[in-house]
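Structure, as structure tokens:
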Amino acid sequence: MEYKQILQAYFSPCGTTQKAVCSVGQAWEGVHKKEIDMTPFALATQSYDMTEQEILIVGVPAFGGRVPETAVQRLQKFHGNYTPAIAVVTYGNRAFDDTLLELQDILQKQGFVVVAGISAVTEHSIVHCFGKDRPTTEDCKQLCVFGKQIKTKMETSIEPTTKITGNRPYITYHSSGLVPVCDDGCQGCGICADHCPTGAIPKDKPNTTDKQKCISCMGCIAICPEKARSIPVPVLDMLTERLQTACSVKKENGLYL
């Protein structure tokens, strides 16, 4: 089938999931591509209806081995009609646990045919020494190759993949509870407030954070031009030590056809 459009959708607070999704999409040369950033709170109610002549490449980060609840809510606004989809999960060099399987289940409920899954390693959103600078240039090349392999499969068959790993019921999600703090470097620009997925940062007082709304995505830290937001060093040191064993060994990207 000749596809009219590819939607590259991502929930990407720190920008790495966006990079992974778009790397996969590079495999489809000559096909119109549209990016959909599901991250900002202002776009939470936007809905999308897709046909079987389109392809959805959708990516989310693993939060404690699960699809972030905020991303689940966004994904429920996507509606497919036997639309082929590629599920992409990113993770900070620890593990993605049941995230990819959960993403597949969500998409299938929304009318998509998940033809393939990809697990992509990215820099850890909190402890940056784990998976540092990933996805690298080589990672992106590999993800594009994965896309080409999926494209080849789709030229002969649009069948749902049965290779995606995970367990049902899914692993229980436990929030890290980490809330970024703001220092005197804040200039009050409000960029973080616009970027926040849950509206936890008030536009009129961007140097504060609603702890009840914060999901510890670390997007505000990643996007702040003044580097005024952070996790306290003692907390980071403790988390680094706790994750040392699980995150020190380099993980590889995975393709599930």
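The values are calculated or read from the model by the stated rules, or taken from the named source; none is laboratory data. The structure displayed is predicted, hence computed values, not measured ones. Because the Cβ atoms are built from the backbone with ideal geometry, glycine has one as well, and the counts that use them run over all protein chains shown. Accessible surface areas use protein heavy atoms only, side chains included; no ligands, DNA or RNA. Shrake-Rupley method; radii C 1.70, N 1.55, O 1.52, S 1.80 Å.
Some observations on this one:
- Label-point separation in nm, R168 to K153, each point 7 Å along Cα→Cβ: 1.9
- A 1.4 Å probe over all protein chains sorts E69, E52 by accessible area into E69, E52, starting with the largest.
- Expected 222 nm ellipticity per residue - DSSP helices of 4 or more, -39500 (n - 2.57), all of the chain, to 500: -8000 deg cm²/dmol
- Annotation: T137 carries an accessible surface of approximately 100 Å², with a 1.4 Å probe and no ligand, DNA or RNA atoms counted.
- Rounded to whole numbers, the Karplus 3J(HN,Hα) couplings from phi for the stretch 165-174 are 8, x, 10, 10, x, 5, 4, 6, 7, 10 Hz, using 6.51 cos²θ - 1.76 cosθ + 1.60 with θ = phi - 60°, and x at Gly and Pro.
- Per residue, the average separation of C-alpha pairs within less than 8 Å and at least 6 apart gives the chain a relative contact order of 21 percent.
- With Cα atoms, 0 to 90° folded angle of helix 137-154 axis to the chain main axis: 30
- Sorted from greatest to least, the principal axis extents spanned by the alpha carbons of the stretch 175-257 come out as 44, 37, 25 Å.
- For the stretch 196-212, putting each phi into the Karplus relation 6.51 cos²θ - 1.76 cosθ + 1.60 with θ = phi - 60° gives couplings of 4, x, 10, x, 7, 10, x, 4, 7, 8, x, 8, 10, 9, 7, 5, 6 Hz, in residue order, rounded to whole numbers and with x for Gly and Pro.
- Surface/4 estimate of mean projected area, convex hull on alpha-carbon atoms of the stretch 155-202, nm²: 7.7
- Interchain or long-range residues, amide H under 5 Å from E35's placed H: Q8
- P(r) weight above 27 Å for the stretch 1-131, C-alpha pairs, percent: 12
- In nm, spacing of pseudo-spin labels at V72 and V249 (7 Å Cα→C-beta vector): 3.0
- Residues in the chain average 48 Å² of solvent-accessible surface per residue, probe 1.4 Å, ligands and nucleic acids excluded.
- The stretch 151-257, relative contact order [Cα under 8 Å, separation at least 6], %: 30
- Under 5 Å, built H, 5+ apart or other chain: amide partners of T90: V60, A62, A120
- Each label was represented as a point 7 Å from its Cα along the Cα-to-Cβ direction; for S47 and V179 these points are 3.4 nm apart.
- In degrees, nearest ten, helix 99-109 long axis to first principal axis of the chain (Cα): 60
- Counted charge near D98, where neighbours are those whose Cβ lies closer than 11 Å (Asp, Glu -1; Lys, Arg +1): -1
- Alpha carbon Rg of the chain, scaled by the compact-globule rule 2.2 N^0.38 Å: 1.00
- Sulfur and carbon atoms: percent of accessible area, the stretch 85-157 [1.4 Å]: 51
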